[in-house]
1. Could you work out, residue by residue across A:113-124, how many beta carbons of other chains sit within 10 Å of that residue's beta carbon, and then give the average as an integer?
2. Specify whether the C-alpha gyration tensor of the stretch B:66-204 places it in the rounded, prolate or oblate class, a ≥ b ≥ c being the square roots of the eigenvalues: rounded for a/c under 1.5, otherwise prolate if a/b is larger than b/c and oblate if not.
3. Which value, in Å² rounded to 10, gives the accessible area of A:Glu45 with a 1.4 Å probe and all protein chains present?
4. Within 10 Å of each Cβ in peptide B:175-186, how many partner chain Cβ atoms are there on average? Round it to a whole number, please.
5. Can you give me the relative contact order of chain B as a percent, contacts being Cα pairs under 8 Å and 6 or more apart?
6. Please give the average number of partner chain Cβ atoms lying within 10 Å of the Cβ of each residue in B:30-39, rounded to a whole number.
7. Averaged per residue, what accessible area in Å² does the protein assembly as shown show with a 1.4 Å probe, protein chains only?
8. Please label the shape of the protein assembly as shown as rounded, prolate or oblate, based on the square roots a ≥ b ≥ c of the eigenvalues of the alpha-carbon gyration tensor (a/c under 1.5 means rounded; beyond that, a/b larger than b/c means prolate, else oblate).
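The values are calculated or read from the model by the stated rules, or taken from the named source; none is laboratory data. Keep in mind that this is a model prediction, so the values were computed, not measured. Neighbour counts are summed over all protein chains in view; Cβ atoms, including those assigned to glycine, are modelled from backbone coordinates with ideal geometry. With ligands, DNA and RNA removed, areas are computed over all heavy atoms of the protein, side chains included. Shrake-Rupley method; radii C 1.70, N 1.55, O 1.52, S 1.80 Å.
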There are 2 protein chains.
Amino acid sequence: MTRHAAPPARPHAAVGTRERIVRTTSRLMQRQGYEGTGIKQISREADVALSSVYHFFPGGKQELATEAVRHADREFADILHEALAGEDDPAEAIIACTGTLGVHLRGSDWFDGCPITATALETAGRAPDIQQAVAEAFEHWRGIVADKLRQSDIDQDDVLELAHTVINTLEGAELAAQVSRSDEPLRIAGRHLARLINSYRRTETADATTHG
Amino acid sequence: MTRHAAPPARPHAAVGTRERIVRTTSRLMQRQGYEGTGIKQISREADVALSSVYHFFPGGKQELATEAVRHADREFADILHEALAGEDDPAEAIIACTGTLGVHLRGSDWFDGCPITATALETAGRAPDIQQAVAEAFEHWRGIVADKLRQSDIDQDDVLELAHTVINTLEGAELAAQVSRSDEPLRIAGRHLARLINSYRRTETADATTHG
DNA sequence: CTCTGGGTAGAACGTTCGTTCCAGACGCGT
DNA sequence: ACGCGTCTGGAACGAACGTTCTACCCAGAG
């Protein structure tokens, strides 16, 4: 069976088995972390045979988790890219981004925060493959933010460091939003990040929407 | 037995049994999260009988985790308070704070990040007691930062929101530092937070150490 | 048709999980 | 010396963990 095209006559799978495993794993690990997610739960919720999981991922849970992190990487990158593309001004784009994250978070009853943070913390220093995939995801996301910042008149030397803090603050604000079940941390983060970004512009752009 | 005073003639415990359980739990959950930490591992590493754990914490793992989060709250608050007290200027104090966190992190081979983040994410939305303790810890830490910020000429209306972003950015930077095994995210966060804080001052204080 | 190989169903492995139970050891007031 | 409440040692519970294994189904190639 070719895996490129969608198999036409499958009973209940609009998407291939392997992909369904990865998506389910990614979603479950987003909500309950690496240790809290079992292989049998994955096979159950993905409606896939347990043996199929080990067929596609002979490396077991670690290999599957690594692939799930990479999937979450691409998925979150799309969200980020789309949210940032909605505004021309980088500072406004970041604010729009926090808004999008807030909507996602609230819409999932405050469950769906950053898809890899829990897994990252649990496996840091003890599962190099996963840690590597997490590091690449963060770098990927920073790159997307940096690309947006480069569209304005910010010194190139400042862009990369700003991208660091933008991603890190978004991470922290999402965590706080989940814990407090409120999108206020995200809104505050958006305003402060916008102010910080504007402070690095060469030409002063006093913007009414990013005051105090 | 009174629990207020330390029992003098205990065989091998410089600190009481209950306290030793809590400390061990806190340290283990900091490194491997809630799901990754087992009760039997706790009793083993704390050198305490398994039945003693359930004697002191009849509520089981959840009650123990809640107490461990509260312990970590106090411990991290002490670190925060001490680090901030070393500098008069609030912006400089935050930078000193990121330095302290970086030293702690590097000294533990990048294992000891924020003591409650992993637990917070794993239990968000499914263990209200733990989530509540986490929320109180964050609020506590924000209060400490806010107290420091109030010592300068920042508008009172801005202090609370700034404290939000300071804590959130520190959280995100610690995560990034753990994943990348480098204290650069923390140093960047320190500089950006200092710049953000200074931007909220009524009197301009051009400071050579917090430039671009 | 047979042959082949990717995918599946399901049982089973040993280990660990959180939790419960009880008999016994200890300190202390009487 | 006694009784009592506090704490501990150790076994045991059912359930779930990650993983392995074999038999089997079934589409496509020859």
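1. 6
2. Cα axes put the stretch B:66-204 in the oblate bin.
3. Only protein atoms counted, so the area is about 90 Å².
4. Rounded to a whole number, the mean comes out at 5.
5. 22
6. The per-residue average across the peptide is 5.
7. Numbers: 19090 Å² over 424 residues.
In whole numbers, the protein assembly as shown has 45 Å² accessible per residue.
8. Because a/c hits 1.5 or more and a/b fails to exceed b/c, the protein assembly as shown counts as oblate.
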